[in-house]
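Worksheet: one structure, shown below.
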Amino acid sequence: MWYSGSWRARALTRKLRARSARSQGTAPCSLLRSSRTSALFRPVCPSPRGLLPIPTPILRTLLLSVDDEGIFRERPYQPQPPPPAPGSGHRPAPGGAPSHGFPHSPYRLPRETPASWHVQSAGPARGEGPLPGSARPAPAPRRSRRGLLFSVLAAVLVAALLGGGVYWYLSSRPVPEETADAYVAAWTSGDYSTLDQWATSSEASAFYTEVAENLGVESVEVTTGEAVVDGDTATVPFTATFTLSHSGTWTYDGELPLQRIDGQWKVDFSPAVLHPELGPGQTLARTNAWGERGRVRAADGTPVDTSDVSGSIQMIVGEVGPATAEDAAELGPAYQEGDPVGKSGIQRSQQDRLAGTPTTVIHVVDQGAPPEGEPEDAAVVGTIEGSPGQDVTLSIDMAVQQAAVDAVIGQRKATALVAVRPSTGEVLAVANVPGGFNRALEGQYAPGSTFKIISYDALLDAGMGMDATLDCAETVTVGGWPFKNAGDAAYGEQSVTEAFATSCNTALISEVVHRLDGGSLTAAAERYGFNRDLSLGVPALTPSFPTPDSDTLLAAASIGQGQILTSPLHMATIPAAVADGHWRPPVLVTDPAPAGLPDPVPVPAAEQLRTLMRAVVTDGTAKNVGFSGDVHGKTGTAEYGEYVEDEEMSAHGWFVGFEGDVAFAVLVEDGGSGAKAAAPVARRFLEGL
């Protein structure tokens with residue numbers, strides 16, 4: 001029997017039979033040629049209604065014969081003759097004589113009927129006997145199971161070949177949307193260097209780069225519509241949304257024109273591809289008009305960006321001035337030379353917030369020469385409305401600031417005072433004399449004995465009890481280096497509280513080299529903000545504590561000497577940590593709220609440290625300063641300069657402490673004793689609150 005693969009194939013053969021009636025012996029398919037198809041698929045057979053064209057090689061696969069032994073044999077197409085109608089008088093030729101074909105059909109049977117054609121009479125009509133001269137036809141031989149199996153397999157194979165071939169043929173055809181999508185993907189990703197491979201011109205990459213720089217493009221989003229194809233040309237509509245630096249978003253509609261060249265679609269590049277208003281040799285540029293600038297205010301809303309505030313606050317706030325060419329290049333395309341910009345301090349670090357966003361006008365200019373200002377005849381293609389600047393609020397408390405200024409006024413030596421709120425880390429006051437350098441934030445000094453707060457914290461954490469007895473000898477030698485007390489004092493056996501209150505160096509050093517190492521003391525220092533960027537929003541020193549790599553350096557570091565560097569701002573956070581029980585980084589800007597602040601660091605020994613610091617004021621080195629109230633503190637004398645044996649070194653004077661929710665640090669450069677130089681300034685400050 002013949003196996004035609006499916007009912008669709010059988011229908012197709014019937015249609016082909018009818019079409020080829022007038023051209024016996026010719027191929028039953030027409031030839032449809034296309035430059036986009038390979039030679040294998042150029043001969044295409046007509047398809048039944050609703051079906052895709054079927055390539056001739058695939059159709060030939062459908063027309064296979066399967067003999068009774070299951071073997072495929074390719075044969076010329078011959079239709080199976082239908083049985084004769086009863087009573088028609090037509091009989092099969094006896095003895096295998098050739099038949100004369102079918103009534104009303106141009107097809108003729110071969111002279112010998114193939115063995116695989118089992119042609120038989122339909123038999124006599126109902127009620128009639130056997131036709132004269134004919135025997136009852138033998139029953140058709142049963143088809144072998146193997147032949148049936150091969151037929152089924154052939155059907156599956158043909159279906160797979162048919163579906164796969166048609167899918168490959170259709171999916172391999174280039175379409176304009178594919179080129180448009182690739183072009184848009186390169187555009188929106190900022191990968192302008194690859195645009196040329198999808199365009200008809202090698203100028204696309206440079207053009208898109210120039211526009212992005214002129215406008216300050218931060219991102220682009222593009223959505224495309226369906227292509228409209230007209231022969232070898234097509235257009236793809238799109239909507240583009242630009243996000244511009246220091247401005248906003250700008251949306252417009254355009255079209256990508258495409259051409260098919262050598263079977264491949266390309267974007268027909270010109271400036272109008274990017275924006276429909278652009279002509280040859282033109283590009284886009286922007287001009288900006290800035291609105292009213294925001295104000296810098298203290299915690300209570302008082303403007304502090306005026307000339308009548310203290311010099312220390314003016315240094316923090318900073319200045320506003322016309323942008324230089326360097327400023328404009330650093331700030332970006334939104335700025336031009338002469339625009340008002342922050343030059344220093346908060347005015348610079350908060351430039352974006354204080355300046356707001358400009359009203360941006362996008363217009364057409366000649367390529368290569370964006371103007372400094374908008375030309376009178378420039379075509380405007382877009383406008384982004386701006387917004388005025390917003391205020392910035394500092395943590396400065398004007399009452400505390402005034403007390404700090406009053407406390408340092410009249411100092412003959414350079415002095416700095418910083419106050420912070422222990423519960424929040426907010427900077428309440430900053431005062432410097434003389435002006436011109438913000439030593440309170442940027443100065444770098446050894447902390448001297450004020451660092452003993454951290455050293456005792458490390459010892460208590462390492463297991464030293466408050467009931468321990470220490471030995472305050474006149475001298476202790478570590479690594480061949482002698483360490484002494486101030487004034488060569490020697491107090492003998494002391495309690496932990498007494499050794500801290502009298503600031504005995506030798507008693508502390510003996511315990512440190514016995515109980516600690518460089519790593520454990522470094523870890524304690526870092527709990528209090530050493531080796532951490534303070535990120536204040538204005539220039540400020542990053543306090544440093546290099547890990548001591550010898551017992552000698554460990555001993556020196558424990559009393560605040562050696563290689564340690566800190567500032568009055570940072571040192572104010574150390575008594576604040578003892579007061580609150582957590583170290584917090586200093587905060588100067590409260591609105592906008594600071595982002596990314598680290599979690600407060602617990603101080604496990606805070607309660608014991610409070611006891612020690614209170615003893616300094618009541619019974620120790622600051623006993624005679626005359627503090628009133630519940631003041632806790634620590635004096636410090638920080639030697640500096642080159643050591644010369646038997647000569648007294650110069651020293652800065654420190655006093656750090658807290659009362660209630662105000663912590664502070666006072667530094668007097670070259671002041672010597674902290675108790676004599678710095679503590680009186682702290683007393684005046686607290687009295688002024």
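Assorted remarks:
- Its convex hull of Cα atoms gives the stretch 296-394 a direction-averaged projected area, equal to a quarter of the hull surface, of 7.6 nm².
- For residue 587, distant residues with modelled amide H under 5 Å away: 426, 427
- The amide H of residue 478, built 1.01 Å from its N in the peptide plane, has 483 as neighbours under 5 Å, considering only residues 5 or more places off or on other chains.
- Within straight-line cross-link reach of residue 452, lysines at Cα separation under 28 Å, skipping those fewer than 8 residues along the same chain: 413, 484, 623, 634, 676
- Within straight-line reach of residue 266, meaning a Cα separation under 18 Å, sit the following aspartates and glutamates at least 8 residues removed in sequence or on another chain: 177, 178, 181, 191, 196, 203, 226, 230, 232, 255.
- 10 °C / 1.306 mPa s Stokes-Einstein diffusion coefficient of the stretch 570-689, Kirkwood radius on C-alpha pairs, µm²/s: 102
- Compactness of the stretch 186-254 was expressed as the Cα radius of gyration divided by 2.2 N^0.38 Å, which yields 1.22.
- Calculated from backbone phi, Karplus (6.51, -1.76, 1.60) coupling profile of the stretch 631-648 in Hz, x at Gly/Pro: 8, 10, x, 8, 7, x, 10, 10, 6, 8, x, 7, 6, 10, 4, 6, 10, 6
- Top positive-direction residue, dipole computed over the stretch 473-531 with Cβ charges, set 486, 521, 503: 521
- Positive-end residue, the stretch 296-394 charge dipole about Cα centroid, Cβ charges, pick of 318, 393, 356: 393
- Assigned charges on the beta-carbon of Lys, Arg, Asp, Glu; the stretch 296-394 dipole about Cα centre (debye): 480
- Ordering 243, 256, 281 by the projection of their Cα atoms onto the charge dipole of the stretch 209-310, which places +1 on the Cβ of Lys and Arg and -1 on the Cβ of Asp and Glu, puts 243 at the extreme positive end.
- For residue 256, the residues 5 or more places off, or on other chains, whose built amide H falls under 5 Å of its own are 236, 238.
- Calculated from backbone phi, Karplus (6.51, -1.76, 1.60) coupling profile of the stretch 294-310 in Hz, x at Gly/Pro: x, 9, 9, 10, 6, 4, 8, x, 5, x, 10, 9, 10, 7, 9, 9, 4
None of the figures in this text is laboratory data; all of them are computed from the coordinates on show. Computed from a predicted structure; not experimentally measured. Backbone-built Cβ (ideal geometry, glycine too); neighbour counts: all protein chains shown.
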